[in-house]
1. When you look at Ala295, is it under 30 Å from Asn42 (Cβ atoms), open to solvent by 60 Å² or more (accessible area, probe 1.4 Å) and modelled with pLDDT of 85 or more, yes or no?
2. Does any residue of region 245-254 turn out to be acidic (Asp, Glu) and within 26 Å of Ala207 (Cβ to Cβ)?
3. Among residues belonging to region 239-260 that are in contact (Cβ under 8 Å) with a residue 24 or more places away in the chain and in a helix (DSSP H, G or I), point out the one that is surrounded by the fewest Cβ atoms within 10 Å (Cβ to Cβ).
4. Tell me, please, whether a residue that is within 26 Å of Ser111 (Cα to Cα) and in a helix (DSSP H, G or I) can be found in region 219-229.
5. Among the numbered criteria (1) at pLDDT 90 or above; (2) more than 22 Å from Asn139 (Cα to Cα); (3) not acidic (Asp, Glu), which one does Ile186 miss?
6. How many residues are without any contact (Cβ under 8 Å) to a residue 60 or more places away in the chain and over 22 Å from Ala156 (Cβ atoms) when one looks only at region 92-124?
7. So, of the residues in region 298-323 that are out of contact with any helix residue (DSSP H, G or I) (no Cβ under 8 Å at 6 or more places or on another chain) and basic (Lys, Arg), which turns out to be modelled with the highest pLDDT?
8. Looking at region 201-217, which of the residues that are touching a Pro at 6+ places or on another chain (Cβ under 8 Å) and either modelled with pLDDT of 85 or more or open to solvent by less than 50 Å² (accessible area, probe 1.4 Å) (or both) is farthest from Val141 (Cα to Cα)?
Amino acid sequence: MPKASDTLWDLAIAEVEKRENPDDDDAKPGEVWEKSVLFMGNKNGGKTTIILRCLEREESPKPTLALEYTFGRRARRHNAPKDVAHFWELGGGTSLVELIRIPITSHNIRSFAVVLVLDLSKPNELWTTMESLLQVTRNHVNRILIKLEKTNPEVAAEIKQRMWNDLQRDHPDYALVDPFPIPLVIIGSKCDIFNFTSKSEALLLKARALINHLAFGYDKSKSVSLDPSKPLFIPAGLDSMSQIGPPPASDSDLGKMRANTPLELWKKVFEKTFPPKSFCDLQDTKDPAQDSQYAEYEVDVMRAQKNQELEQYKRNASKSWKEMDFDSN
């Protein structure tokens with residue numbers, strides 16, 4: 001209940017938090033929920049296509065420049081108000097990963113999810129892309145949780161507990177798991193190129209159902225597929241290292257590889273088969289400002305002028321630095 005002392009600003013903040021935190025116990029039927037989903041992964045890996053399919057938009061996907069936003073509205077049941085899902089898409093592969101700080105904040109962390117789309121047709125980029133994107137995202141979320149532990153410890157504790165909800169304590173890999181701090185889905189795109197067939201509509205429907213669960217709170221899919229000869233569909237907690245088995249390498253090769261965990265061993269075998277591109281090679285060095293499709297005469301003239309001023313400033317600063325007399329004492 002709002003207090004008489006609450007200002008209009010206090011009430012507005014409380015309303016936003018209530019909408020962005022649909023897991024609250026006092027959420028009432030008829031309230032509008034808001035969730036956010038960030039898509040990231042390989043360049044041209046199919047992120048935009050997945051979003052458009054989820055939103056049922058018949059549009060041709062266009063390259064994502066940096067960080068793009070769209071939204072969708074959908075009712076959970078007939079005559080109910082439409083919930084809002086915020087869709088963010090990070091372009092540029094790994095080159096713009098620091099932009100994740102914009103959509104993931106302490107205000108929406110409880111209703112945020114990440115979808116990592118990895119292009120299976122580019123195995124030499126796959127592991128490096130996965131590691132770099134997930135590590136930066138994990139670090140950012142952990143920083144938010146550290147702050148929440150001081151400002152709102154109950155929310156921080158709830159998020160940390162929720163990380164383990166999909167893994168039972170008697171799971172054989174329980175001691176090996178370091179769960180991602182917020183809901184995470186990994187999609188391997190373009191698997192159809194290995195089947196030499198057209199895109200499977202069934203797979204697209206599964207992906208769409210999964211995204212709808214994250215974005216609109218729809219029921220989770222109960223589908224499971226662990227057959228390695230077919231496209232995999234594995235909900236969190238329903239697989240194990242014993243079921244996966246050892247990496248495809250000879251006993252002598254495995255014996256030479258130093259690894260502290262099964263994941264490290266798999267990484268070494270994978271990278272031996274598909275030598276990875278370095279993180280620097282994956283950076284997108286193309287300057288969007290030089291792209292002709294974004295040309296604007298007045299802006300470009302001003303930018304050129306500012307670039308000249310910046311270069312002059314650098315030369316003057318460098319000259320001043322060299323002329324400085326440092327006291328060795």
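1. No; evaluated as a whole, the condition is false for this residue.
2. No: region 245-254 contains no residue that is acidic (Asp, Glu) and within 26 Å of Ala207 (Cβ to Cβ).
3. Selected residue: Ser242.
4. No - not one qualifying residue is present in region 219-229.
5. The one condition Ile186 does not meet is (2).
6. 3
7. The selected residue is Lys306.
8. Restricting to residues being touching a Pro at 6+ places or on another chain (Cβ under 8 Å) and either modelled with pLDDT of 85 or more or open to solvent by less than 50 Å² (accessible area, probe 1.4 Å) (or both), the top hit is Gly217.
The values are calculated or read from the model by the stated rules, or taken from the named source; none is laboratory data. Note that the structure is a prediction, hence the values are computed from the model and not measured. Glycine gets a Cβ as well: all are built from the backbone with ideal geometry, and neighbour counts include every protein chain shown. We work out accessible area using only protein heavy atoms, side chains counted, and drop any ligands, DNA or RNA first. Shrake-Rupley method; radii C 1.70, N 1.55, O 1.52, S 1.80 Å.
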